[in-house]
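Where a number appears in this text, it was derived from the coordinates with a stated rule and is not lab data. Bear in mind the structure is a predicted one, so any value in this text is a computation, not a measurement. In this analysis, Cβ positions are derived from the backbone assuming ideal geometry, glycine residues included, and neighbour counts consider all displayed protein chains.
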Amino acid sequence: MPSQPHTADHSRLTAFGDHLIALHDDLRRDIAALREEASRLPADGDSPDPLVLPERLHSHCLSFCEALDAHHTTEDQSIFPFLAQEHPELSEVLDRLTSDHRTMATLLIDLRKVAATPSAPDFHADLERLSVELLTHLDREEHYLVPVLNSLTHFPGH
């Protein structure tokens, strides 16, 4: 029956918006775990010795930074251009989200630099700035994009 593939395709598309939420939830868990791990370190300036990042925290931080960067690259190169074409009314929102990505890219560069050095006096502050930007951005993206993604009748590659 022709209606079954359409229903299956629609379910798969609806799952795309839900999948975005699941990816975001993973990022939320990762940043929370990173913040928790970092909270065990002395606060900036609390120790006469330079703050040294333990290897596990350094590794976790770099993995998180790579995952977030990859997520934003996918959105900027695939999802946002498609949505801009299909939903021109979202152009202002997509511009704002793209701007958020640029801001977070700069913060990620700063965080990577700090995490890569033996002493990291600004690690807590950089991580907090990234956390606030990221959590605000994820909420904004879900608010504006998930309803649209869940209503799509087609998507490239589907």
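Quick one: length gained pulling residue 106 to residue 91 fully straight, 0.36 nm per residue minus the C-alpha distance?
Roughly 3.1 nm would be gained on extension.
At what distance in nm do the modelled label points of residue 116 and residue 26 sit from each other, each positioned 7 Å from its Cα along Cα→Cβ?
2.5 nm
Using R₀ = 35 Å, calculate the FRET efficiency as 1/(1 + (r/R₀)^6) where r is the Cβ-Cβ separation of residue 55 and residue 82; round to 0.05.
Rounded to the nearest 0.05, the efficiency is 0.30.
For every other residue with a beta carbon closer than 15 angstrom to the beta carbon of residue 89, add +1 if it is Lys or Arg and -1 if Asp or Glu, then tell me the sum.
Charge balance in the 15 Å sphere: -2.
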